[in-house]
Amino acid sequence: MVLLSLEIRAELENLLNLQPQEASDFPYFFKVKCNNCGEITEKYSCVVFSELLYLPNSRGKAHLVQRCKFCSREGSVTMMEGKGRPYTLEDSEAGKYVPLMCFDCRGIEPCEFSFRSGWAATGASGTKFLDIDLTEGDFTEYDEKESCPVAISNLEHRFVVSK
Ligand SMILES: [Zn+2]
């Protein structure tokens with residue numbers, strides 16, 4: 001078992017923060033690596049915090065149960081609540097990576113996170129920007145209250161072993 005923390009980095013322009021709009025319904029898309037043979041899936045898997053699955057032949061639950069197409073070994077990934085926090089303007093100015101979500105991994109590990117949609121951000125005036133789609137890697141809008149452009153760009157992520 002290994003705990004992997006998904007950390008993100010972004011450049012925020014005239015935005016105070018960036019975070020999943022609905023913590024329990026936010027879809028995390030990632031590719032899956034098999035710890036047994038090292039195979040990485042071509043397709044992205046998706047997990048949502050509110051959707052737990054029963055593990056086969058066990059009383060446990062997980063957010064993702066997947067069998068490796070190459071070596072047939074089965075593994076699971078479970079999300080851990082309360083390990084992430086919103087990405088702030090200060091983080092952006094410092095160029096910091098900030099934890100978004102933590103995954104308890106057994107036999108398989110998430111890799112290559114895809115930002116996709118379901119994000120929310122707040123402008124300096126308190127304006128809420130909802131349903132932000134980061135699939136294309138950036139976001140630009142106009143903050144009417146502040147009369148200034150807002151933007152999210154240079155998205156990066158990494159998975160780090162957490163203790
Ligand atoms: Zn495998």
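Below, the figures for the structure above:
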{"quantity": "Cut-off under 5 Å, modelled amide H: who pairs with residue 15 long-range", "calculated": "151"}
{"quantity": "Rg to Rh, two decimals, where the stretch 1-137 supplies the alpha carbon set and Rh follows Kirkwood", "calculated": "1.02"}
{"quantity": "Inter-part distance where the stretch 75-92 and the stretch 95-163 are each reduced to a Cα centre, Å", "calculated": "11"}
{"quantity": "Other-chain or far-sequence residues with amide H under 5 Å of residue 148's (modelled H)", "calculated": "143"}
{"quantity": "Mean projected area in nm² (Cα convex hull; one quarter of hull surface) for the stretch 24-90", "calculated": "6.1"}
{"quantity": "Surface accessible to a 1.4 Å probe, residue 116 within the full protein complex, Å²", "calculated": "70"}
{"quantity": "Accessible area of residue 50 in the full protein assembly, 1.4 Å probe (Å², nearest 10)", "calculated": "70"}
{"quantity": "Accessible area per residue, Å², the stretch 2-161 with all protein chains present, probe 1.4 Å", "calculated": "54"}
{"quantity": "Protein accessible area in the chain, 1.4 Å probe - carbon and sulfur %", "calculated": "46"}
{"quantity": "Amide hydrogen neighbours beyond the local backbone of residue 63, cut-off 5 Å, H modeled", "calculated": "53, 77, 78, 79"}
{"quantity": "³J(HN,Hα) computed for each position of the stretch 108-115 - Karplus, 6.51 cos²θ - 1.76 cosθ + 1.60, integer Hz, glycine/proline x", "calculated": "9, 9, x, 8, 6, 5, 10, 5"}
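The values are calculated or read from the model by the stated rules, or taken from the named source; none is laboratory data. Here the structure is a predicted model, which means the values were calculated and not measured. Remember, those area values only see protein heavy atoms, side chains included, never the ligands or the DNA or RNA. Shrake-Rupley method; radii C 1.70, N 1.55, O 1.52, S 1.80 Å.
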